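What follows is one structure encoded as structure tokens, with my remarks underneath.
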Amino acid sequence: FFIYTLTGATLRHPRMLSAQLLALQPHALRPALTPTRRGSSFWSEPWTEPLLFQSAWRMTLDIQSGGARLAVPLEITFSDEPVASGDFRWTVEEPTCCPARRLLASAGAFVGPKGEVSVEARPGGWLAEPPDRCGRSALRFYIDFPDGAQRNGAALPPGRAFFRAACWDGAQLRQFEAEAAAVRAELDALGAAAEASASLGLSAERAEAAVPSERRQLLEYQLEIIERSMPDERGVLPGPGDLQMAAGGELSIKTDGVANMWGLISSNFDTIGGFTFAPIRPA
């Protein structure tokens, strides 16, 4: 991991400290930027998107409301076929670096009070955003459910459902997991040293010399940056190549209305549930 030095003047002036901490972000944790073949944009490599092409996954929608639960399994395939840009302009304008591609989806099904219920699903779109400084690519996609689905009060409204997950290049993920472990180990060592200093009754100046507070701040900041890009408690699933796919994510729907002029100003999204992934076959 990276070592930095802050001056005593910085510690006396919080604004200087904030400026130095902000300066670390692009310098400390972002891989070298290299040009891609996608337009004129410059993004960090390696790019995880091609690893998803033609890979198929089993996906289970999970919506809960008032003790009721709706679980709808279906299968999706990340096609490499482009989708017209107008189909994918939601939350943010589609980046020119990563055009949307078609997402194929099978019909889903669940068991209701009267037996098995089929849930129609129509093809949607997907894109993997450029990786952040720690190699995490946000994975966004949508599927159209013309009739929706409902079970005991838990409902998937008819229309378009939006999904957000993440994926990583395996080598980068392992690199930053190792860096996070090293930072935690040093923080633990600093904590133990601070306890030892306190037990010895050292003066504030001597305690500061033994365990520099600016070093702890930098390490805590560095760990926070890394952990923002790490998988959550659900973990990851191995995909094609060395792709690591988040085991689940969020499910949202649009809730445009009078307040945002029905989407003319901006789009509102409400998270109504989540979903989990399971691999079917690699590309």
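Could you work out the relative contact order of segment 109-260? I mean the mean sequence separation of Cα pairs under 8 Å and 6+ apart, divided by the number of residues, in percent. Could the numbers behind the result be given before it?
Details: 200 pairs, mean separation 33.6, N = 152.
In percent, rounded to a whole number, it is 22.
Sort 245-254, 103-112, 56-65 for me by packing, meaning the mean count of neighbouring Cβ atoms within 10 Å per residue, highest on top. The partial results should precede the final answer.
Details: 245-254: 20.2, 103-112: 16.7, 56-65: 18.2.
Ranking the peptides 245-254, 103-112, 56-65 by packing returns 245-254, 56-65, 103-112.
For segment 111-209, what is the accessible area per residue in Å², given a 1.4 Å probe and the full set of protein chains?
Accessible area per residue, segment 111-209: 48 Å².
Any chance you could run the full-extension gain for residue 199 through residue 64? It's 0.36 nm times the residue separation minus the Cα-Cα distance, nm to one decimal.
Difference between extended and current length: 43.5 nm.
What FRET efficiency comes out for residue 182 versus residue 234 if R0 is 25 angstrom and r is the Cβ-Cβ distance? Round to the nearest 0.05. Mind dumping the intermediate values first?
Working: r = 24 Å, r/R0 = 0.97.
Result of the calculation: an efficiency of 0.55.
Roughly how many percent of the accessible protein surface of segment 110-243 is carbon and sulfur, given a 1.4 Å probe and a whole-percent answer?
51 percent
If I model a spin label as a point 7 Å beyond the Cα along the Cα-Cβ vector, how far apart are those points for residue 189 and residue 217 in nm?
Each label point is offset 7 Å from its Cα along the Cβ direction, giving 2.2 nm.
The values are calculated or read from the model by the stated rules, or taken from the named source; none is laboratory data. What you see is a predicted model, and the numbers here were worked out from it, not measured in a lab. Here the Cβ is made from the backbone with ideal geometry for all residues, glycine too, and neighbour counts use every protein chain on show. With ligands, DNA and RNA removed, areas are computed over all heavy atoms of the protein, side chains included. Shrake-Rupley method; radii C 1.70, N 1.55, O 1.52, S 1.80 Å.
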